[in-house]
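Since the structure comes first, as structure tokens, the remarks are kept for the end.
The values are calculated or read from the model by the stated rules, or taken from the named source; none is laboratory data. Every value quoted in this text rests on a predicted model; they were computed, and no experiment measured them. We place every Cβ from the backbone using ideal geometry, glycine too, and count neighbours over all the protein chains shown. Side chains included, ligands, DNA and RNA excluded: accessible areas come from the protein's heavy atoms. Shrake-Rupley method; radii C 1.70, N 1.55, O 1.52, S 1.80 Å.
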Amino acid sequence: MIIGIMKQRQSIMEQKKLEIVIEDNPIDNVQKTVGLALLGLGTVGGGTYRVLTGQLDEIQKRLGCRIEIRHILVRNLKKASLRVQDSRILTNRWEDVIEDDGVDIVVELMGGMEPAYTYIREAMERGKHVVTANKDLLAEHGPTLLELALNKGVDFMFEAAVAGGIPIIMPLEKSLAGNHLTEIMGIVNGTTNFILTKMSEEGMDYREALIQATELGYAEADPTADVDGLDAGRKVAILASLAFHCPVYFHDVHVEGMSMISAKDIRYASQMGRTIKLVGVARDTDTGVEAYVCPMLLPKSHPLSSVNDSFNAVFVHGDAVGDAMFFGRGAGDLPTASAVTGDILSIAENILHGSSGRIGQLLYKKRPMKRMEDTYNRYFLRLHVEDRCGVLAELTEIFARYEVSVAQIIQREHQKDDLAEVVVITSLVREGDFQTAIEELSYRTSVKKISRMIRVYE
Ligand code: NAP
Ligand code: HSE
């Protein structure tokens, strides 16, 4: 009897499932069209075009409206015509985009400051919604653009601007909104993570790894923005602003690049149980916000140590959630296009439901920025000293004066000269005190060269 009832229920459920499948073709009857203009058809623009056109049918069914790419703005029409199905949508005239009332969403994927900044403002002024992947622009003008979007009642989304395909902006704005966030840190540049992985695991030369990262579409138009830490610095400014609800600009972030990291540093770090990664850190402390990007030694057991190639990962610490980690592809055409497409669909949904422009006051606090010398870290120090009795005592005596204690040490004799290489990892120390200790060390005749100083994350 019971089995009979269960079978009957199962058969009703199967019928219901079948009904849903049969109804699954709503797009033929819909009237509403959401019009898009893509600005740029390079790595990210090309990826977004491929994702949108490849998934168009599914996307339209899910939204219940038509999505139309009305224009793609480029400089070189001939080059772009090889990448699209219908080259009539290509233009090199901004007027074609801004004066078209059928364009609801402008998707800025050109990069750089100008004309991107002007185009985005003009689009918002005309009541058009905006998606961008442009972290350079956001780290400089993000607060102004958020305010303009709020005033004009338009949506402004930029999920792709930080950590490529990883959803991190939406979680910070919405899913984690119930938290007081105190720390956000991670690997937010795919190019440098790719280079460091290739150097560490395959012994590849720095230059060769950079060429590969560029060929794979990870690097910026000017890759010094990646290797000098500028790109990661811009992302840290965006993350810190959203996490701590106060404007943090690129110029507030202390930035150091990774191009000086050598195979030798990586080998010593490994012997000391650590990897080297280019890391971005932002903390909201009692005395202000600290934000920096620099190469750091991480314990091999730390989850970020195994984030390799172009993968990125972001750690967030909140009072309610505790630790949360977001992981995925941080660069490249399709991962970034995935984030851009998600933003386009969210905005299209808002348009359809008449709920656009719900930005709210995201940056409502004012917080002082801390100076780098007031931050606390451990340090990896590699130096060449005279190979004689008493030199190590000299080193530790200077360290002790500034309350720097040695947690780990390696010493290697040189074969050819009377020098020894000493590699030290210190305990936690105020940066300003450590810098003074290093300056004092550099005046000692026994210290021949200070080759490297890298912060250590613990
Ligand atoms: P890209 O490959 O250099 O492509 C740029 C595109 O924009 C090209 O189609 C270019 O057209 C067009 N363009 C540039 N300036 C223009 C102008 N003044 N007028 C009209 N068109 C213009 O750059 P991308 O790597 O796709 O990066 C685009 C944006 O996404 C940047 O903000 C970047 O930081 C960001 N982003 C990139 C990645 C990534 O993995 N690559 C990931 C996340 C975010 P022409 O070719 O005709 O000059
Ligand atoms: N050049 C950037 C990177 C692209 O390598 O991470 C993604 O923002």
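Scan Y268, Y206, Y249, Y218 and give me the residue that is in the same structural domain as D319 (by TED's automatic domain parsing), among the aromatic types (F, W, Y) and within 10 Å of ligand 2 (Cβ to nearest atom).
Only one candidate qualifies: Y218.
Restricting attention to the stretch 277-302, which residues are farther than 24 Å from I238 by Cβ and open to solvent by 10 Å² or more (accessible area, probe 1.4 Å)?
Matches in the stretch 277-302: P299, K300, S301.
Scan the stretch 35-86 for residues that are within 12 Å of ligand 1 (Cβ to nearest atom) and either within 28 Å of G330 (Cβ to Cβ) or touching a Ser or Thr at 6+ places or on another chain (Cβ under 7 Å) (or both) and report the count.
Selection size over the stretch 35-86: 25.
Among all residue pairs at least 6 apart or on different chains, which show Cβ distances below 8 Å where the first residue, located in the stretch 219-235, is more than 16 Å from H254 (Cα to Cα) and the second is of a type in the set (D, E) and buried (at least 22 other Cβ atoms within 10 Å of the Cβ)?
Pairs that qualify, where the first residue is more than 16 Å from H254 (Cα to Cα) and the partner is of a type in the set (D, E) and buried (at least 22 other Cβ atoms within 10 Å of the Cβ), are A219/D226; E220/D226; E220/D231.
Please determine, by comparing only the residues of the stretch 53-92 that are assigned to a helix (DSSP H, G or I) and under 26 Å from E114 (Cα atoms), which one is least open to solvent (accessible area, probe 1.4 Å).
Once the filter is applied, the top-ranked residue is A80.
Name the strands (runs of 3 or more DSSP E) wholly within the stretch 398-458 that hold at least 2 residues that are free of Cβ contacts under 8 Å to residues at least 24 places away in the same chain and open to solvent by 30 Å² or more (accessible area, probe 1.4 Å)?
406-413
Which one of the conditions (1) under 27 Å from V281 (Cα atoms); (2) within 16 Å of ligand 2 (Cβ to nearest atom) does E108 fail to meet, given that it meets all the rest?
Only one criterion is unmet by E108, namely (1).
Would you tally the residues in the stretch 408-450 being within 17 Å of R274 (Cβ to Cβ) and not aliphatic (A, V, I, L, M)?
3
Residues that are closer than 19 Å to V227 by Cβ and basic (K, R): find the strands (runs of 3 or more DSSP E) completely inside the stretch 257-344 holding 1 or more of those.
Hits in the stretch 257-344: 274-285.
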